[in-house]
1. Would the range A:271-293 turn up any residue that is touching a residue at least 12 places away in the same chain (Cβ under 8 Å), under 19 Å from the mean Cα position of the chain (by Cα) and within 24 Å of A:Tyr315 (Cβ to Cβ)?
2. Going by the structure shown, is B:Arg156 more than 15 Å from B:Glu402 (Cα to Cα), touching a Phe, Trp or Tyr at 6+ places or on another chain (Cβ under 9 Å) and among the basic types (Lys, Arg)?
3. Among the strands (runs of 3 or more DSSP E) lying completely within the range B:82-136, list those that include at least 1 residues that are within 14 Å of another protein chain (Cβ to nearest Cβ), more than 20 Å from the chain's Cα centre (by Cα) and without any contact (Cβ under 8 Å) to a residue 60 or more places away in the chain.
4. For the range A:214-254, how many residues meet the condition of being more than 12 Å from chain B (Cβ to nearest Cβ) and either without any contact (Cβ under 8 Å) to a residue 60 or more places away in the chain or under 22 Å from A:Leu316 (Cα atoms) (or both)?
5. Just one of the numbered conditions (1) outside any loop (DSSP other than H, G, I, E, B); (2) over 19 Å from A:Leu401 (Cα atoms); (3) in contact (Cβ under 8 Å) with a residue 24 or more places away in the chain is not true of A:Leu74; which one?
6. Which one of A:Thr343, A:Thr296, A:Thr313, A:Thr307 is farther than 30 Å from B:Tyr199 by Cα and not small (Gly, Ala, Ser)?
7. Across the range B:344-362, what is the number of residues that are small (Gly, Ala, Ser) and within 7 Å of another protein chain (Cβ to nearest Cβ)?
8. On the basis of being assigned by TED's automatic domain parsing to the domain that holds B:Ser216, open to solvent by less than 10 Å² (accessible area, probe 1.4 Å), among the aliphatic types (A, V, I, L, M) and within 24 Å of B:Thr195 (Cα to Cα), does B:Ile155 make the cut?
There are 2 protein chains.
Amino acid sequence: MSDIKRYMQQLGQQARAASRLMAKADSHAKNLALLNIAHAIRRDKQALLAANQADLEAARAAGMEAAMLDRLALSEKSIATMAEGLEQIAALADPIGEISDMKYRPTGIQVGRMRVPLGVIGIIYEARPNVTVDAAGLCIKSGNAAILRGGSEAIRCNQALAALVHEGLAAAGLPKAAVQVVDTTDRAAVGELITMKQYVDVIVPRGGKGLIARISEEARIPVIKHLDGNCHVYVDDEADAVKALRILENSKAQRLGTCNTAESLLVARSVAAAQLPALAAMLTARGIEIRGCAETQALVANAKPATEEDHYTEYLDAIISVKVVAGLDEAIEHINQHSSQHTEAIVTENYTKARRFLREVDSSSVMVNASTRFADGFEYGLGAEIGISTDKLHARGPVGLEGLTSLKYIVLGDGQVRG
Amino acid sequence: MSDIKRYMQQLGQQARAASRLMAKADSHAKNLALLNIAHAIRRDKQALLAANQADLEAARAAGMEAAMLDRLALSEKSIATMAEGLEQIAALADPIGEISDMKYRPTGIQVGRMRVPLGVIGIIYEARPNVTVDAAGLCIKSGNAAILRGGSEAIRCNQALAALVHEGLAAAGLPKAAVQVVDTTDRAAVGELITMKQYVDVIVPRGGKGLIARISEEARIPVIKHLDGNCHVYVDDEADAVKALRILENSKAQRLGTCNTAESLLVARSVAAAQLPALAAMLTARGIEIRGCAETQALVANAKPATEEDHYTEYLDAIISVKVVAGLDEAIEHINQHSSQHTEAIVTENYTKARRFLREVDSSSVMVNASTRFADGFEYGLGAEIGISTDKLHARGPVGLEGLTSLKYIVLGDGQVRG
């Protein structure tokens, strides 16, 4: 057995043992741990900034690009935000132990379900120290044990944060091994983490598409994953033109690089001549390149031609694909064919079409007259978010505490036996 | 591309297309299809018996063992039961399109969830024609498309049933490809089915442990699986002796070969001398061999010694392992260590211990004062069951229609954008 394998197996065993204690931990202890950690983070702000500074210098020396350095960097403000995040998680209702649907059956037994933790969650992410705190907080609150593997460039800061998390857990009477930070930059550790079935119940990768695709391919443990966000806005025949303009602007132009940003615009043929020029002018004014079908190009002078591939593309950039469609049927068909099943919105005043769009579009979030940018755990009121799942099994859409739990059946009887 | 691969890809494409139509099919059409199929099965009873007879003769000639022949055989009664099963599924509420948890958010959007089908479900099972009908019925009702791969020894009967299913679907205006029976006995078909990610959303294996373990290992698609049922009954210090005896008898002796049969008995030390002899006498009278710890052997003359492996074993036979434990803590620890997380029961009159057992035992069904034999979709009121999941993700415990669905988020707005 290699050293890395032995080390990871040890983390796994410790996590499994800790997960049993976390599963029965009461709400008070879990919340106390979260508040303790928040307090320790605020108290040790300077030490965290120093550890982060050392990480940044090493990363800069190694030639890390500016956008990555930006995500690695901590500030007084981002440290305060980390602590506040933990306090917000502490304020959420405890999902664990919640009992629902208790019903008497003709045999006299009473059957229902109880919400329980998943067990041990492995989280793999880039060099972003705030994810360490966020993921630790969500796992503690949901009664799970976590094994965290952040990008190696953040290792000093992650170690400093791990010490504070352990201090907070211990002071609340909870096991330190409830949150373990993988303490090696060896990439083989990831390979172990995503295959040690006996110790890890689910893997949550957070980061770029490449990272997530690779982990999904290689994992032998279920993965809650979040791949592309190729989101659509469909402007229906009966769209309110003002709402269409506002929703498209927000969906596409508010932020270019987020997964809930619209990457494709569909416009019903009957309103294309009336609405598309204004929509295109807004996009152009915001610096967004338009790649359209022939009809779009006829109506929008500066539109470039869109290829079939454009319709499958998540640009994460100042580009949008545009297509004129016959109406609702073609819009739904186009979306179900091309989208990544993340988030799609229709703009319409028509009740029946809104209802059909909601039912027939097969994406994790489907919206009527609202910006795709709302697809987010906080906006949905989950209070926290560990990612947005584009899978259908287990968790779909923004994943909050509930996505880190499972339901078991409970049966209450008075000595009943089966006939 | 091999012929089998080409054939399976074609089934996959057809299933994917059919799944879109099934997802938007209304409840009336789906129920009509189920009733049509039930009618056709009753009408063509003689032809089904003849096809089954041909299967049985070929299987007998090939040396199939008696227990398997038994499961393959149809009778007038089992054919009637198939048809009734479909009528029961038709009578259940349609889970698809159900909207829940709609709440207004401070931004003015209204957020909730809608229940939707998973898409395409691949079901792999042994030579049991009744599973063909059962699985088809559950998939139709839940708005999914199904690709069914039954044991090759049932192929004639499955083909005859497939024709009736297609007739029933078509007469209800639904696509025939909503239910496709793999029409080859080539085992390579299974390998294709469990890896063609683009066409299949989930695999449900039904059958022996070996089949399920192999499919879980090789599948590249999520699997809803059901492995061992190493179920425990714990007789607590404060157990009612009459209830303990009755519950143990039913849990262990009502049927030996089911997954919810108890395979292990734990008895609290303080009541072992008083209760274990009577419990053992009942087991012995039912022909069940007792394999116990040293304390058990001291109290029960005919008890054989239990090895550590016995405590991990699902016998599916007239054998039970017995262990005297210090009390609740040791019982919970022993169960969480040795059980297969299927079903466990405590017998106790103590409120606090019952509550702790429910919370701390990490199994898909946890019971107080009731027989483990109740762990079943019909007994729980699900109206149908496609299997019992011992996984934690997605579906846990008996899986009915709901386990074949997912929840997507829906958002209703009036032009809201994100600030």
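The values are calculated or read from the model by the stated rules, or taken from the named source; none is laboratory data. None of these values were measured; they are calculated from a predicted model. So basically every Cβ, Gly included, is an ideal-geometry build from the backbone, and we count neighbours across all protein chains shown. Keep in mind that these areas ignore ligands, DNA and RNA; they rest on the heavy atoms of the full protein, side chains included. Shrake-Rupley method; radii C 1.70, N 1.55, O 1.52, S 1.80 Å.
1. The answer is no; no qualifying residue exists.
2. No; evaluated as a whole, the condition is false for this residue.
3. Per the criteria, B:99-104.
4. The qualifying residues number 11.
5. A:Leu74 satisfies every listed condition except (1).
6. A:Thr296
7. Total meeting the criteria: 0.
8. Considered against the rule, which asks whether it is assigned by TED's automatic domain parsing to the domain that holds B:Ser216, open to solvent by less than 10 Å² (accessible area, probe 1.4 Å), among the aliphatic types (A, V, I, L, M) and within 24 Å of B:Thr195 (Cα to Cα), B:Ile155 comes out as no.
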